[in-house]
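Working notes, structure below.
The values are calculated or read from the model by the stated rules, or taken from the named source; none is laboratory data. On a predicted model such as this, the values are computed, not experimentally measured, just so you know. Backbone-built Cβ (ideal geometry, glycine too); neighbour counts: all protein chains shown. In case anyone asks, the SASA skips ligands and DNA or RNA and just uses the protein heavy atoms, side chains included. Shrake-Rupley method; radii C 1.70, N 1.55, O 1.52, S 1.80 Å.
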Amino acid sequence: MLTHLIERRTEVGKTMRQALQQEFDDRMTNWYRLNGIRSHLSWDQQTIMPEKAAPGRGQTLSWLAGQAHNHITDGKLGEVVSLLEAEIRELDDDDACNVRRMRREIDLATKLPVELVEEMASVVSQARQVWQDARAASDFAMFAPELQKIIDLTKAKMQYLGGDSANYDVLLDEYEIGMTMADYDPLFAGLRERLVPLLDKIMRSQREKPELSLPEGMQFAIADQDSFCRFVSARMGFDFTAGRLDTTTHPFCSGLAVGDTRITTRYDEGDPFSCLYAVMHETGHGLYEQGLPDQHALCPRGQAISLGIHESQSRLWENQIGRTTAFWQVVLDTFKEKFPELPPDMGAEEMNRIANAVKPSFIRVEADEITYNLHIMMRYEIEKKIFEEDLPVAEIPEVWNTMFAQWFGIEVPDDSLGCLQDVHWSYGAFGYFPTYTLGNLYAAQLSAKMADDLGDLDEIIRSGDWSPILVWLREKIHSHGMLYDPSELIERATGQPPSPEPFLDYVEKKYSRIYGLEAE
C-alpha cells in the first residue's frame, strides 16, 4: 500500500511538473516571438524602409517593446519560473538552462517601468534615421538632440537596474555577463602596454619600406564586389537558402528565426577590402546564428551566449582566416576574374600584405588588428566619461577628436570620420564596444586550440575546403547556445580560461613576420 502511494505521488508530481514545463515553454516562446518581430522590423528599418516611414515604425516598435515587456513582467512567467527553480534538480540540462537564463531576463525587466521601455524603443527608432542623415551630412549637431534623449533614458535605466549606486558597470554587464570596469581597465591597460610598442616598431619599419597598395585610382564595380563577396561567404559555409546579404549604412547581422539569418554590408568602389572583410565579419556572425540548435530556437538554450562570443566568431573568420596568404591563394583567381584590371603579377603574398597593412586610420570597422583595439579602448573611455563624469553631449566631438589625435597621431577632419561613424549610440548600445576586444581575444585563443586539434590552419585554408573549421566551431561553440557562461564556454573549448596572451602572441608573431621585425 505504501509503495503504491509513493508511486502515485511520484506520478502526480511528474504530471504537474510536465504541465508546469508546458506553460513555461508557451510563455517563453511567445516572448521570443515578440522579440523576433521587433528584430525583423528593425532589419527592415535599417535596409529597405522608406525614410518617411520612420515615425510610424517608431510607434509600432514602441508598442511591440511594451507588449514584450508586459509579457515578461506580468508576474505569471515569473511565478512559473519560481516553481521550476524549486524543481531544478529534476530538470535536464537544457530545461535548467532555460529556467536560469529566463530568471535573469525577468529580474532585469521587472526593474524597468514599461513607459521607459516604450519611450526608449520609440526614441531609438527615430534616432537611427537622424543618425544616418547626420552621418551623411557629417554634422553632429543634427544628431545631438536625439543622442541627449538616449543618454538621459539610459541613465534612467541605470538607476532602475542598479539603484542609487548605479554606474557604467550596469551597462557593461548587459552585453557581457559579469564584466565590469574593474575587469576592463587592467585588461585594456595591459593590451596597450604591448600593442603601442609593436605599433611603433611597425611605423619605423614602414618608413624604411613603403607599404604595398592596390593600383591608385582603380575602380571596383559594386556588382562585381557583391558577386565576389557572396562567393567567399558561401565558401565559408553561409547558407544563402537560409539567409540574405543586403546593403546598409553600418554592417550588421540579425538572426531573425530558424532559416532566416540576415547579414549586411556596404560598398566603396575604391576599396574592395572594405566590403570583403565586412562580409567575412558578418558571415562569421551569421554562421553562429545558423549553427545554433534549431530545436531550441525560441528559448535561451538556442541563443548566442554573449556579444563577446559572437564577436569571436566574426573576428576569427575575418582575421585568422581572411587575412592570410593561404586565403588569398584560394580566392585570388576569382578576384582577378571579377577585376581583370588588377596587375597580373600581383600574387597572394602581395594581396595579403595589403590586407594586413597597419596604419592608424579613422574608421574602426576598417582598422588593422593592431590599432583596432585602440579604437575600442577610446570609445570605452568616452562612454565612461559620459556615464561616470557626465560629459555633456555637445562636448563629445571635441573630446573624441582630442583623444583621437593623442592616441592615433592624426587629426579628425569631420564628424562622419569621427564620433558619427558608429551606429551603436543611435540605438542606446552603451557598453557594447568592449565586447569587440573580448571577441579578438577569444578568437585568437580558439584558433590556437583549433590548430592543436586540426593541424596547421594555413594548410586547411589553402586546401579550399574550410568545412573542418566550421565543424569545429559548431561543436565547440555554436551547439551550446546559452548552456554555459562565456568564460566557461571558452575554457571548455580551449582547456584554458580566457586570457589576452594568445591574442598578443598571435599579433606579435604575425606582424613581426610581415614587417620583418624579428631582428629588433
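Restricting the range 264-290 to residues that are open to solvent by 10 Å² or more (accessible area, probe 1.4 Å), out of contact with any helix residue (DSSP H, G or I) (no Cβ under 6 Å at 6 or more places or on another chain) and outside any helix (DSSP H, G or I), the residue that is nearest to ILE354 (Cα to Cα) is ASP271. Residues satisfying the criterion are absent from the range 201-219 (criterion: part of a helix (DSSP H, G or I), surrounded by fewer than 18 Cβ atoms within 10 Å (Cβ to Cβ) and at pLDDT 95 or above). Cβ-Cβ below 9 Å, separation at least six or inter-chain, first residue in the range 322-338 and without any contact (Cβ under 8 Å) to a residue 60 or more places away in the chain and within 20 Å of LEU470 (Cβ to Cβ), second open to solvent by 30 Å² or more (accessible area, probe 1.4 Å) and part of a helix (DSSP H, G or I): which pairs? The qualifying pairs are TRP328/GLU349; TRP328/GLU350.
Of all residues in the range 14-29, those that are open to solvent by 70 Å² or more (accessible area, probe 1.4 Å) and touching a residue at least 40 places away in the same chain (Cβ under 8 Å) total 1.
Across the range 88-120, the number of residues qualifying as open to solvent by less than 70 Å² (accessible area, probe 1.4 Å) and either farther than 21 Å from THR29 by Cα or over 23 Å from the mean Cα position of the chain (by Cα) (or both) comes to 15.
When the helices (runs of 4 or more DSSP H) confined to the range 423-516 are screened for residues that are free of Cβ contacts under 8 Å to residues at least 60 places away in the same chain and open to solvent by 10 Å² or more (accessible area, probe 1.4 Å), those reaching at least 3 such residues are found at 434-454, 467-476, 486-494, 501-515. For the range 291-307, a tally of residues being assigned to a helix (DSSP H, G or I) and touching a Phe, Trp or Tyr at 6+ places or on another chain (Cβ under 6 Å) returns 1.
Only one residue in VAL99, VAL114 is among the β-branched types (Val, Ile, Thr) and in contact with a His (Cβ under 6 Å, 6 or more places away or on another chain), so which one is that?
VAL114
Residue count for the range 156-172, restricted to those that are surrounded by 15 or more Cβ atoms within 10 Å (Cβ to Cβ), in contact (Cβ under 8 Å) with a residue 12 or more places away in the chain and of a type outside the set (A, V, I, L, M): 4.
Each row is one residue, and each column tells you yes or no for (1) over 25 Å from the mean Cα position of the chain (by Cα); (2) among the basic types (Lys, Arg).
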residue: PHE335; (1), (2): yes, no
residue: LYS338; (1), (2): yes, yes
residue: LEU342; (1), (2): yes, no
residue: PRO360; (1), (2): no, no
residue: VAL365; (1), (2): no, no
residue: ILE370; (1), (2): no, no
residue: ILE376; (1), (2): no, no
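Can you tell me how many residues in the range 61-81 are open to solvent by 60 Å² or more (accessible area, probe 1.4 Å) and part of a helix (DSSP H, G or I)?
Result for the range 61-81: 5.
From the residues in the range 316-374 that are aromatic (Phe, Trp, Tyr) and assigned to a helix (DSSP H, G or I), which one is farthest from TYR506 (Cα to Cα)?
This residue is PHE335.
If you go through the range 396-404 one residue at a time, do you hit one that is farther than 30 Å from PRO215 by Cβ, part of a helix (DSSP H, G or I) and within 23 Å of the chain's Cα centre (by Cα)? Within the range 396-404 (the criterion being farther than 30 Å from PRO215 by Cβ, part of a helix (DSSP H, G or I) and within 23 Å of the chain's Cα centre (by Cα)), the answer is yes, since at least one residue qualifies. Of everything listed in (1) open to solvent by less than 60 Å² (accessible area, probe 1.4 Å); (2) without any contact (Cβ under 8 Å) to a residue 60 or more places away in the chain; (3) of a type in the set (Gly, Ala, Ser); (4) more than 26 Å from LEU441 (Cα to Cα), the single unmet condition for SER233 is (4).
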